[in-house]
Each structure stands twice: as structure tokens, then as C-alpha cells.
1. Mind checking which of Ala90, Ala179, Ala129 has the largest fluctuation in a GNM of the chain, springs on alpha carbons under 10 Å?
2. Give the residue from Gly233, Phe46, Leu16 lying farthest towards the positive end of the charge dipole for the chain; charges sit on Cβ (+1 for Lys and Arg, -1 for Asp and Glu) and the dipole is referred to the Cα centre.
3. Could you work out the local net charge near Gly182, counting Lys and Arg as +1, Asp and Glu as -1, over the other residues with Cβ closer than 10 Å to its Cβ?
4. Any chance you could give the angle, 0 to 90 degrees and rounded to 10, that helix 3-14 forms with the longest Cα principal axis of the chain?
5. For Ala113 and His150, what is the calculated FRET efficiency with R₀ set at 30 Å and r taken between the beta-carbons, to the nearest 0.05?
6. Would you mind working out the magnitude of the charge dipole of segment 146-235 relative to its Cα centre, with +1 at each Lys and Arg C-beta and -1 at each Asp and Glu C-beta, to the nearest 20 Debye?
7. Size of the dipole of the chain about the Cα centre, Lys and Arg at +1 and Asp and Glu at -1 on the beta carbon, nothing else charged, in debye to 20?
8. Quick one: check the C-alpha center-to-center distance for segment 174-235 versus segment 7-39, whole angstrom.
Amino acid sequence: MHLRDMATTLTATLGLDTRPIALALADTPPAGVRTFEGSVPSACTFWRRAESAVFYATAAQHFRCPVGAMVMGFEMPNEVKAELMGFVGAMVEGDYLGVDEASRIPTLPRKSAGVVYGPLQDFPIEPDAIVLWLTPRQAMLMSEASGASHWTGSTPAPTLGRPACAAIPAAVSRGAVTASLGCIGMRTYTEIADDHMLTVVPAGVVPQLAAALTDIVAANRAMAQFHEARKTGAA
């Protein structure tokens with residue numbers, strides 16, 4: 001499935017109100033892709049910038065967010081590692097993070113010098129992951145289409161929380177759709193609406209997911225009619 005078709009299908013079937021964005025680890029910017037200028041306060045800020053343009057961000061441009069840089073698997077200089085320890089210490093002291101949690105946060109195992117970000121429909125290379133902002137209703141459709149809510153499979157997929165960016169390595173390593181309710185840091189920096197949550201889709205599963213979404217949306221439409229008829233009859 002072409003990336004533009006992926007974007008069109010995801011947007012139409014889910015009724016998205018934000019553009020799907022893609023990201024890919026890369027050591028250099030692809031031909032014709034500009035390198036991001038300036039700085040951002042968090043790695044997740046890049047996701048919102050990517051809704052409007054394709055760009056390449058170096059590892060160093062992620063270092064203002066040590067947690068995000070760690071999650072993305074970047075090699076960090078000693079001063080950034082020290083800042084990361086300070087971040088973790090502050091979260092532990094503030095009773096926000098358990099002392100044994102930091103070492104268990106997922107990280108991308110593949111090292112790179114940067115990341116390409118941009119709208120899925122305009123993405124110039126094969127992405128590693130797709131980032132979506134979903135309402136609870138849309139997230140339920142995604143869960144049903146991906147099989148995450150099926151009782152006949154293995155243990156249901158967890159819905160993550162903090163840090164929200166950990167959903168990226170979790171999704172890539174599992175090869176499965178991964179949702180995060182969204183930590184306070186992500187909500188502060190991205191300014192995403194409180195009624196939206198984060199969902200990360202490994203690019204490789206999108207073709208079959210798109211077909212499943214079409215079917216599950218139709219099934220939900222039929223079930224809505226069924227329940228509406230029951231509700232009316234019971235009134």
C-alpha cells in the first residue's frame with residue numbers, strides 16, 4: 001500500500017481530525033528533505049511540527065528532552081546523561097515515577113544519528129512508525145481492527161502511560177499497535193486536546209490494518225443500528 005493511500009484510508013475510516021505522521025530513524029536527511037532549524041523543548045514536540053512538513057532532526061536536537069532522547073535510542077553525551085538522571089530523580093522525588101521504573105522504560109534498539117518526521121501522505125522514505133491522535137471511540141475501532149481487544153488471542157495489549165514516547169519503541173519491538181493515554185509532559189508540550197490519546201502503529205502492519213478497519217467500521221455501524229433499535233424499543 002502506498003503511503004499516501006495509507007494516510008487517506010486511516011483518515012477516512014477513523015475520521016481523524018489531525019494528520020497521521022510518520023517517523024523513520026536515519027543517519028542523514030533523505031534527498032530534498034531539510035534539516036530542522038531551531039530547537040524544541042521535547043521530543044514529542046516534533047510530532048506536532050511533523051503534521052505540516054517533512055524534516056530531519058538530528059540526535060542533538062532531541063537532547064533538550066533527555067527522556068525522549070533515551071527512548072529514541074540515541075547515544076547521549078555525558079552531560080545529557082547527567083541531565084537524564086536529574087529528570088528521573090525529580091520524578092522519583094515527586095512521587096511521579098517509581099525508583100525501579102526508569103531502567104524498564106522501552107528504548108529503540110537501533111542506533112541512528114537522527115529521525116525523519118513528516119505527514120504520512122508526504123513521507124519520502126519507508127517509515128518505522130506512524131503516530132496518530134485518537135479519541136476513545138477511534139481508539140476502540142483501532143483496538144478491534146488490530147486484534148488488541150480480542151479475547152481469543154494472547155494477553156491483551158497494554159495501554160501505556162508515562163512517558164508517552166515509550167509507545168514508539170514498544171510498538172516497533174512488538175510489531176503491534178500500541179496506545180498511550182499520554183503523560184503530562186506530552187500533553188504540556190504537544191498541547192493535544194485532553195480527549196485525545198496517542199496511538200503508534202508499526203508501518204509494516206498498516207496494509208492489513210487498513211482492510212480490517214474498513215470491516216470493523218462497517219460492523220460497528222451495524223451494531224449501532226442494532227443497539228439504537230433496542231434502545232428505542234425499550235423506551
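The values are calculated or read from the model by the stated rules, or taken from the named source; none is laboratory data. Since this is a predicted model, take the numbers as computed values, not measurements. A quick note on method: Cβ atoms are made from the backbone with ideal geometry, for glycine too, and the neighbour counts reach across all protein chains shown. The area values use the complete protein model at the heavy-atom level, side chains included, leaving out ligands, DNA and RNA. Shrake-Rupley method; radii C 1.70, N 1.55, O 1.52, S 1.80 Å.
1. Ala90
2. Gly233
3. Working: positive: Arg162, Arg187; negative: Asp194.
Around Gly182, the surrounding residues sum to +1.
4. The angle comes out at about 50 degrees.
5. Working: r = 39 Å, r/R0 = 1.30.
The value I calculate is 0.15.
6. Details: 6 positive and 5 negative charges, 36 e Å.
So the magnitude is around 180 debye.
7. Values: 17 positive and 21 negative charges, 73 e Å.
With Lys and Arg at +1 and Asp and Glu at -1, about 360 debye.
8. Computed from Cα coordinates, the inter-centre distance equals 20 Å.
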